[in-house]
Amino acid sequence: MDEENKPDPEVYDSAVTVIQKPALVVRVETDDVLEHYYFRSVGWHNTLLITVRFRNERWESYKCVRNPSNEELSELLKNEKQII
């Protein structure tokens, strides 16, 4: 793996914190998919938005966005159910 595509080790440590101690959790339920979005600030200048899906009787990480846009967060909060 080249340096450019190498995963950032800080993201892994931060992801654990985001899921264990989220500042915000939003539940999205459609006919066939249940998702939770976990959001938290990480350090002074970064935030993470982690999406997990319930599949095959377990939760799986689906997507991780560093510093999601205000528009993305607003849309999520406007249309879905906040549980934390």
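Yes or no: region 22-32 includes at least one residue that is in contact with a Ser or Thr (Cβ under 9 Å, 6 or more places away or on another chain), surrounded by 10 or more Cβ atoms within 10 Å (Cβ to Cβ) and modelled with pLDDT of 85 or more.
Pass one, region 22-32, residues in contact with a Ser or Thr (Cβ under 9 Å, 6 or more places away or on another chain): 23, 28.
Subset that is surrounded by 10 or more Cβ atoms within 10 Å (Cβ to Cβ): 23, 28.
This time we only want the ones that are modelled with pLDDT of 85 or more, so: 23, 28.
Among the residues of region 22-32, at least one is in contact with a Ser or Thr (Cβ under 9 Å, 6 or more places away or on another chain), surrounded by 10 or more Cβ atoms within 10 Å (Cβ to Cβ) and modelled with pLDDT of 85 or more, which makes the answer yes.
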| query | residue 46 fails exactly one of the following numbered conditions: (1) modelled with pLDDT of 95 or more; (2) touching a helix residue (DSSP H, G or I) at 6+ places or on another chain (Cβ under 9 Å); (3) among the polar types (S, T, N, Q). What is the number of that condition? | reply | (1)
| task | Working only within region 60-71, note down all residues that are under 18 Å from residue 28 (Cβ atoms) and either surrounded by fewer than 14 Cβ atoms within 10 Å (Cβ to Cβ) or at pLDDT below 95 (or both). | result | 60, 61, 62, 63, 64, 65, 69, 71
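The values are calculated or read from the model by the stated rules, or taken from the named source; none is laboratory data. As the structure is a prediction and not an experimental result, all values here were calculated from the model. Heads up, the Cβs are rebuilt from the backbone with ideal geometry, glycines too, and the neighbour counts pull from every protein chain shown.
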